[in-house]
1. Beyond 14 Å, what percent of the Cα pairs of region 109-173 remain?
2. For each of LYS126, LYS231, count neighbouring Cβ atoms within 10 Å of the residue's Cβ, then give the residues from fewest to most.
3. For region 108-232, report the convex hull volume of the alpha-carbon atoms normalised per residue, in Å³, without decimals.
4. State, to one decimal in nm, how far the label point of THR112 lies from the label point of ASP194, with both points 7 Å from Cα in the Cβ direction.
5. Using a basic spin-label model with each label point 7 Å from the Cα along Cα→Cβ, how many nm lie between ASP128 and ILE179?
6. For labels at LYS150 and GLU187 in the simple 7 Å Cα→Cβ model, what's the distance in nm?
7. Collect residues whose amide H, placed 1.01 Å from N in the peptide plane, falls under 5 Å from the amide H of VAL198; neighbours closer than 5 in sequence don't count.
8. If each residue's Cβ is checked for other Cβ atoms within 10 Å, how do ARG140, ARG121 rank with the fewest at the top?
Amino acid sequence: MRSCTTRLTLALTLTTAAWACKSPTKPEPPAALSASASALTSAPAGATASAIASAASAASAASAASGAQSSAQLPEGPVLAIQAGQGVGPIRLGATVATIERLMAAPCEVKTESVCRYIRRAVEFKLDKNGVTERIVVHRHDRPAGPDAKGEPQVYGFFNGGIPPGAGLGMVPKAVLEILGKPQSSERVTTANDFDTVDRDTYPGGMVLEYDEYKKSGKVMLGGVIISKPKP
């Protein structure tokens, strides 16, 4: 766990730094890191965003070649750092669907007037009446994602990222608390819900963590992260 957390921490740190340079102003689900995240951890200090992206692309291709016969799904798409009150990676609250799709390098899997949802990548962008992002929800692997086009149940895949400096979906509450510290407030969820959420922790700045009871193992783990503008 410590080794995995260390790799994720460095991946998110390097990725966030790269964006900053460009910005003008469960059996228990495996805690897998993508090939792109592994490439980020091995990038030399001071590497440019383009160099990091090239390394990630090469590592992803090598991973795909070596695991071509495996049916296991791996995280895909850009590595995204979850940032309270701001967004995920370069995608900010206030982004339009066109901006989301451009930065995700893929169209929304589910697109309506109120949501742009990526099921395989386990993230959804909730839209306001003007069609811009007002809330972002990140999901753990295996959370219910509603019916598919044929009416069959489907589940979310793997989110490719985490909360700096190293918290990730699927972690037990104790591990998350050690990394992020105590929340501003905590709420025990007693009503039945689709995600089997049992606890909800609110952190300052516009971030809520949801802990689910994973039915396949009976363990409680970080199941969802909700990002929104902080309340005044």
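None of the figures in this text is laboratory data; all of them are computed from the coordinates on show. Just so you know, these numbers come straight off a predicted model, no measurement behind them. Every residue, glycine as well, gets a Cβ built from its backbone with ideal geometry; the counts of neighbours run over all protein chains shown.
1. When all Cα pairs of region 109-173 are counted, 61 percent exceed 14 Å.
2. In increasing order of surrounding Cβ atoms, one gets LYS231, LYS126.
3. That works out to 126 Å³ per residue.
4. 0.9 nm
5. Once both label points are built, they end up 3.1 nm from each other.
6. Going by the 7 Å Cα→Cβ label model, 3.7 nm.
7. For VAL198, whose amide H was placed from the backbone, the distant partners under 5 Å are TYR211, ASP212, GLU213.
8. Fewest to most other Cβ atoms nearby, the residues stand as ARG121, ARG140.
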